[in-house]
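The values are calculated or read from the model by the stated rules, or taken from the named source; none is laboratory data. Everything numeric in this text was worked out from a predicted model, so none of it was measured. Counting neighbours? That spans all protein chains shown, and the Cβs are built from the backbone with ideal geometry, glycine included.
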Amino acid sequence: MPNRLLVRGARQLLTLRGSGAPRRGAELGDLSIIENGAMLVENGRVTAVGPASRIENLTAARRAEELHVRGRVVMPGFIDSHTHLLYAAPRLDDFAMRISGRSYEEIAAAGGGIASTVRKVRRASQSTLRAQALRELWRMASCGTTTVEAKSGYALDAAGELRCLRVLASLEGEPLEILPTFLGAHAVPPEFEGRADAYIDYLIAEVMPAVAAKKL
């Protein structure tokens, strides 16, 4: 038997119906809203959307499990295409310096910026990073995000980058879909200061093959 779910009771149902091409100008405001809408999902795929009076009377809908959203808005989930999910701890000192008028270069020279996060991520255990990321993922989910791209790039050495990518792999589906990105060349780490080319060679020769071998 098909797995069916009828979502009913939506005050508004946003379909974003269109060509699928990027929207520009006035098109950004066209959400293709169905007032008093309903939606039928079968085996994980949306098979029908429209006014509740029509969707709820479909034969398949009458045999479906029901989810009554009680006048809420039903819409597609947000996709966040750029996140730095694993950072160990916020850069509160950086923020304080920024609001006092200091430039990013001045903050970096004072030990802040990416270098500050690299130090924190390198010290953090896998369980600590996972707990921090999970809190952020649930916050994202509560705001309607369903899919995130998530980068490594705050360890900048083989052991740390692999640890971060293992954390991201372990979080798939908890509660969001995660698309991990290896960002080993995010910055030049302190041990390679002034030797950017040597760091790129290290990434190519040692880190990237390890990431590929572990399918992370």
Fill in: region 71-119 - residue that is among the aromatic types (Phe, Trp, Tyr) and modelled with pLDDT of 90 or more and, of those, farthest from ALA155 (Cα to Cα)
PHE78
Worksheet item: Among all residue pairs at least 6 apart or on different chains, which show Cβ distances below 8 Å where the first residue, located in region 186-209, is in the same structural domain as LEU156 (by TED's automatic domain parsing) and touching a residue at least 60 places away in the same chain (Cβ under 8 Å) and the second is assigned to a helix (DSSP H, G or I) and not basic (Lys, Arg)?
Response: HIS186/ILE114; ALA187/ILE114; ALA187/ALA115; ALA187/VAL118; PRO189/VAL118; PRO189/TYR199; PRO190/ALA115; PRO190/VAL118
Discussion item. Quick check on GLU105: is it touching a Leu at 6+ places or on another chain (Cβ under 8 Å) and among the charged types (D, E, K, R)?
Written reply: no
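With ARG130, ARG139, ARG135, ARG122 as the choices, which residue is at pLDDT 95 or above, charged (D, E, K, R) and farther than 20 Å from ASP80 by Cα? Full working, then the answer.
Working: ARG130 fails: farther than 20 Å from ASP80 by Cα; ARG139 fails: farther than 20 Å from ASP80 by Cα; ARG135 fails: farther than 20 Å from ASP80 by Cα.
None of the other options fit; the residue is ARG122.
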Worksheet item: Can you find a residue in region 29-36 that is loosely packed, with under 11 Cβ neighbours inside 10 Å and closer than 30 Å to ALA150 by Cα?
Response: yes
Practice prompt. Only residues that are surrounded by 20 or more Cβ atoms within 10 Å (Cβ to Cβ) and β-branched (Val, Ile, Thr): list them for region 115-136, please.
Written response: THR117, VAL118, VAL121
Discussion item. If I ask for residues that are in contact with a Lys or Arg (Cβ under 7 Å, 6 or more places away or on another chain) and among the hydrophobic types (A, V, I, L, M, F, W, C), which ones from region 79-106 would you list?
Written reply: ALA88, ALA89
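Residues that are among the aliphatic types (A, V, I, L, M), at least 3 per element: which helices (runs of 4 or more DSSP H) completely within region 41-100 meet that? Please lay out each step first, then the result.
Details: elements: 52-55, 59-62, 92-99.
Per the criteria, 92-99.
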Discussion item. Looking at (1) modelled with pLDDT of 95 or more; (2) closer than 30 Å to SER125 by Cα; (3) exposed (fewer than 13 other Cβ atoms within 10 Å of the Cβ); (4) not β-branched (Val, Ile, Thr), which one does HIS68 not meet, given that it meets all the others?
Written reply: (2)
Worksheet item: Can you tell which of GLY173, GLY153, GLY194 is surrounded by fewer than 19 Cβ atoms within 10 Å (Cβ to Cβ), within 18 Å of the chain's Cα centre (by Cα) and not hydrophobic (A, V, I, L, M, F, W, C)?
Response: GLY173
Response to the item:
Of (1) surrounded by 13 or more Cβ atoms within 10 Å (Cβ to Cβ); (2) touching a residue at least 40 places away in the same chain (Cβ under 8 Å), THR181 satisfies every one except (2)
